[in-house]
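Take a look at the structure set out below.
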Amino acid sequence: MKTVTNRQAFELAGQVAEKLMQLGADGKVVQTTIEQVNHPFWSDLVKHFGQKSGVMIIDRTTPFNPAEFIGDSWTIEEEDKRSLALTEVDFDEIRLETTLKKGETSINGEEKLKRLEKAGHIRLDAKVFQTLWKDKTLIPESWKKMDGYTIYFNGTILRGPNGSRCVLCLYWSGGEWRWDYCWLDDDWSDCFPSAVYPQVSPQN
């Protein structure tokens, strides 16, 4: 976990103060809230709610269950073990990759997966997706602004009842977050980036 800065604590204090004002709190209470920004309480609170410091906690005690989340006959085909080892995800480190080469407007999903693997990217998995879906306030605001884009989590490859392979995704539509899945035998444009973590040494 990153060290909590005074700026992060101040931002959280400001958000709480704003909420207190909306609830009609006395001005003195609000002022006291801001003045106590350096109190250890704020640092502890920021650490507890990892998203406030740009870090999301991933609960790995319960694995992602596709049959429970999507429906019967859905199974996990394969997963990026490096992503499964992550118990924290720093939003500042997440990159959105299309793997498109110069002149390409789209790419087959299976080919994209191969390129992500060859580049050494840690492909964020379905548990990361599920954590964001369960608490949508964690989803970066920058993703919401990417209207028309869909963010994919290629770290977990699912197999559907029809036998085809797919991955889960999030997208902003109609003023709310929604989820879906996309088959890997489809073509993916630059509007279909995948959430990955810093690359490691590429494969030969």
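Computed from the coordinates by the stated procedures, all read-outs in this text should not be read as laboratory data. Since the model is a prediction, treat every value here as computed from it, not as a measurement. No Cβ is skipped: glycine too gets one built from the backbone with ideal geometry, and neighbour counts run over all protein chains shown.
What pairs in 112/145; 81/112; 102/127; 81/101 have C-alpha atoms more than 29 Å from each other? Those over the limit are 102/127.
Among 182, 169, 191, which comes first, then next, by fewest other beta-carbon atoms within 10 Å?
Fewest-to-most ranking of 182, 169, 191: 191, 182, 169.
May I ask you to derive the FRET efficiency for residue 115 and residue 191 from their Cβ-Cβ distance with R0 = 25 Å, giving the value to the nearest 0.05? My answer for the efficiency is 0.90. Principal axis analysis of the Cα atoms in region 52-144 yields extents of 41, 37, 24 Å, listed in decreasing size. Ranked for footprinting exposure by Cβ neighbours inside 10 Å, fewest first, 79, 176, 117, 88 give 176, 88, 117, 79.
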